[in-house]
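**Student:** Got a structure for you, questions after.
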Amino acid sequence: SATAAPIYIATYPYDAIHSTDLSFESGDEFEFIRDNKDGWFYVRHLRTSKDGHIPKTYVELDDATPLRLAIKGRNAAETCLLKYNIPYAYLIRHAAHMGSSYALSVYQPNLRLNSLIWHYLIIVDTEKQHFYFAHEEELKNYFFKSFHELVNDPKFLRIIPLTKVISDIIDYEGEPWYISYDELKLIETIAMGEFGEVWSGQFKKEKSESVQVVVKTIKFNEPISTATFAREIQSMRHVRNHHLVTVMGVSVKPMTQETFLVTEFMVNGSLKKWLKNQPTVPDKTTIIDFVKHIICGMSHLELNNYPHRDLACRNILLGKNNKIKIANFGVSKLINDDWIPLRWASPELLDDNTKYSIKADIWAFGIVLIEMWLKGEDPYIGENASWVFRSVKNGVTHDRPTNCPETFYDNIIKRCFMKEPNARPSFVTLGKSLSDC
């Protein structure tokens with residue numbers, strides 16, 4: 001359980017009689033320390049940080065507490081919130097290395113600051129016997145006497161619109177990204193990926209709501225050690241961005257030992273499929289909006305020196321309001337290190353398929369832009385694989401699609417196709433160049 005010691009809440013006020021008693025008001029919260037077996041609990045009074053005795057008959061177990069005090073530190077909190085994957089889901093925990101203070105951790109995507117999870121430091125004012133936010137300008141005059149008061153206060157919720165406290169039974173110990181197969185329900189096959197079937201499904205923890213997910217079968221090309229697999233999954237989990245699909249975890253089917261990668265569900269499917277379903281090529285404004293989203297996600301991978309290795313429209317997904325997110329980053333490395341996506345491959349990869357780099361992703365990004373202006377058609381239409389392999393190695397680059405403006409092709413796409421990898425721009429640089437298109 002992620003609640004650690006039970007939390008009790010006062011049902012009546014009490015004035016201390018003995019020096020070891022605690023005075024408290026109705027609604028005050030306590031962290032249980034021990035049961036004295038004599039009608040008294042020994043507890044910590046949260047809004048004063050004092051330890052002492054309270055009469056058992058004046059309190060009751062707080063089943064609805066928003067506190068998750070077994071969750072230690074930012075990383076564990078982020079693990080739980082990402083697995084829960086609900087906007088503005090939250091938990092309250094002890095703040096690490098901060099004495100008697102707390103942190104409100106919220107799944108709160110912030111595009112401007114390029115962050116998914118926000119941590120708010122909560123300090124106990126032991127003199128005035130209330131809590132307050134240490135660093136939040138908007139909340140500097142906001143004080144509260146209990147965590148229940150905080151999470152139910154309309155004034156506070158207008159500033160940070162909390163939705164659900166995470167389930168108190170999320171397992172964050174051991175392998176943090178392991179999802180029990182019993183918690184998954186596979187509903188229907190939605191695609192055949194490069195490496196196996198892709199299902200829509202539901203992920204449900206006991207006592208928490210179902211979350212719609214995508215479940216991908218992982219068929220390994222060759223045996224992989226548990227340690228290597230765990231390391232790769234950890235890496236995939238640590239690169240988080242608004243424009244990268246959230247990797248929620250990994251599951252193994254007990255009977256067959258099949259391995260599944262569980263990711264967030266994107267309601268509008270792949271960009272490739274979406275483009276093919278449009279009556280005409282989208283207008284330039286729409287394409288540039290999509291391109292900005294892709295660049296944002298890829299810039300984050302670039303910042304973390306984490307090559308995607310399979311950037312293509314089939315691996316770019318659309319969510320609500322056609323928000324773009326990039327999927328399957330790192331998956332090809334995990335499953336088949338020798339495989340390369342031929343029509344998206346840069347010349348250096350065709351010479352040596354181990355030369356994956358962010359600069360190879362830049363080349364693939366150029367091909368993604370070609371796909372977009374071709375309304376989802378594969379690049380090098382009508383040419384077979386051997387022609388593509390030979391031509392790209394010999395310096396041939398993809399022609400400008402008819403609908404693609406010359407300025408866009410010259411300022412963005414052609415620069416991605418520089419033969420020398422280091423001559424290609426970064427994703428950050430390409431983002432700045434969009435204003436010239």
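Taken together, the values in this text are just the output of simple stated rules run on the coordinates, not laboratory data. This structure is a prediction, so every number in the text was calculated from the model and none was measured. Ideal geometry is used to build each Cβ from the backbone, glycine not excepted, and the neighbour counts take in all protein chains shown.
**Student:** Looking only at SER299, SER101, SER23, which one moves most when the chain is put into a Gaussian network model with springs between Cα atoms under 10 Å?
**Tutor:** Comparing SER299, SER101, SER23 in the GNM, the peak value goes to SER23.
**Student:** Taking the Cα centre of each part, how many Å lie between segment 340-369 and segment 106-122?
**Tutor:** Cα centroid of segment 340-369 versus Cα centroid of segment 106-122: 34 Å apart.
**Student:** Applying a 10 Å radius around every beta-carbon, put 26-37, 8-19 in order of their mean neighbour count, most first. Let's see the in-between values first.
**Tutor:** On the way: 26-37: 15.7, 8-19: 13.3.
The most tightly packed comes first, giving 26-37, 8-19.
**Student:** Ok, one more. Roughly speaking, what is the centre-to-centre gap between segment 403-437 and segment 315-331 when only Cα atoms are used, to the nearest Å?
**Tutor:** Answer, in whole Å: 21.
**Student:** Say we join alpha carbon atoms closer than 10 Å with springs in a Gaussian network model of the chain; which of PRO379, PRO347, PRO154 then has the biggest fluctuation?
**Tutor:** Of PRO379, PRO347, PRO154, the Gaussian network model singles out PRO154 as fluctuating most.
**Student:** Can I ask one more? Please name whichever of TYR142, GLY39, PRO13 sits farthest to the positive end of the charge dipole of segment 1-173, dipole taken about the Cα centre and charges placed at Cβ: Lys and Arg +1, Asp and Glu -1.
**Tutor:** Projecting each Cα onto the dipole axis, the largest value belongs to TYR142.
**Student:** Relative to the first principal axis of the alpha-carbon coordinates of the chain, what is the inclination of helix 358-373, with its axis defined by its Cα atoms, in degrees from 0 to 90 and to the nearest 10?
**Tutor:** Taking the Cα atoms of the chain, the angle to 358-373 is about 70 degrees.
**Student:** List the aspartates and glutamates whose Cα lies under 16 Å from the Cα of LYS204, skipping any in the same chain that are fewer than 8 positions away.
**Tutor:** The qualifying aspartates and glutamates are ASP168, ASP171, ASP182, GLU183, GLU264.
**Student:** Return the Cα extents of segment 275-436 along principal axes one, two and three, sorted largest first, each rounded to a whole Å.
**Tutor:** Cα extents, longest axis first: 38, 33, 29 Å.
**Student:** In whole angstrom, how long is each semi-axis of the equivalent ellipsoid of the chain, when you take the square root of 5 times every eigenvalue of its Cα gyration tensor and sort them from largest down? Spell out each step's value before the answer.
**Tutor:** Details: eigenvalues 525, 109, 61 Å².
Working through the eigenvalues yields semi-axes of 51, 23, 18 Å.
**Student:** For the chain, take the longest principal axis of its alpha carbons; what is the angle in degrees between that and the long axis of helix 284-303, to the nearest 10 within 0 to 90?
**Tutor:** Between the helix axis and the principal axis of the chain, the angle is about 70 degrees.
**Student:** In degrees, nearest 10, range 0 to 90: what is the angle between the Cα axis of helix 226-238 and the longest Cα principal axis of the chain?
**Tutor:** Roughly 90 degrees between the two axes.
**Student:** Could you name the lysines in cross-link range of LYS128, using Cα to Cα under 30 Å and dropping any fewer than eight places away on the same chain?
**Tutor:** Those lysines meeting the cut-off are LYS50, LYS56, LYS72, LYS140, LYS145, LYS155, LYS164.
**Student:** In nanometres, what is the gap between the two model label sites at SER391 and LYS50, each 7 Å from Cα along Cα-to-Cβ?
**Tutor:** 8.1 nm
**Student:** What whole number of Å gives the distance from the Cα centroid of segment 26-50 to the Cα centroid of segment 236-309?
**Tutor:** 48 Å
**Student:** Further question: At a temperature of 25 °C and a viscosity of 0.890 mPa s, determine how fast segment 1-173 diffuses translationally according to Stokes-Einstein, using the Kirkwood radius over alpha-carbon pairs as Rh; express D in µm²/s, rounded to the nearest whole number.
**Tutor:** Numbers: Rh = 16.7 Å.
Answer from the Stokes-Einstein relation: 147 µm²/s.
**Student:** Nearest 500 deg cm²/dmol is fine: what mean residue ellipticity at 222 nm does the chain get from its DSSP H runs of n ≥ 4 alone, each adding -39,500 (n - 2.57), divided by its residue count? Numbers along the way, then the final one.
**Tutor:** On the way: 11 runs with 105 residues, N = 437.
Helix contribution divided over all residues of the chain: -7000 deg cm²/dmol.
**Student:** Okay, next question. Nothing charged except the Cβ atoms of Lys and Arg (+1) and of Asp and Glu (-1): what's the magnitude of the dipole of the chain about its Cα centre? Round to the nearest 20 debye.
**Tutor:** Dipole size: approximately 1100 debye.
**Student:** Past 23 Å, Cα to Cα, is the threshold; run LYS284/LYS432; LYS83/LYS325; LYS276/LYS325; LYS323/LYS359; LYS219/LYS292 against it and keep the listed order.
**Tutor:** Working: LYS284/LYS432 17 Å; LYS83/LYS325 17 Å; LYS276/LYS325 18 Å; LYS323/LYS359 25 Å; LYS219/LYS292 33 Å.
Over 23 Å apart, Cα to Cα: LYS323/LYS359; LYS219/LYS292.
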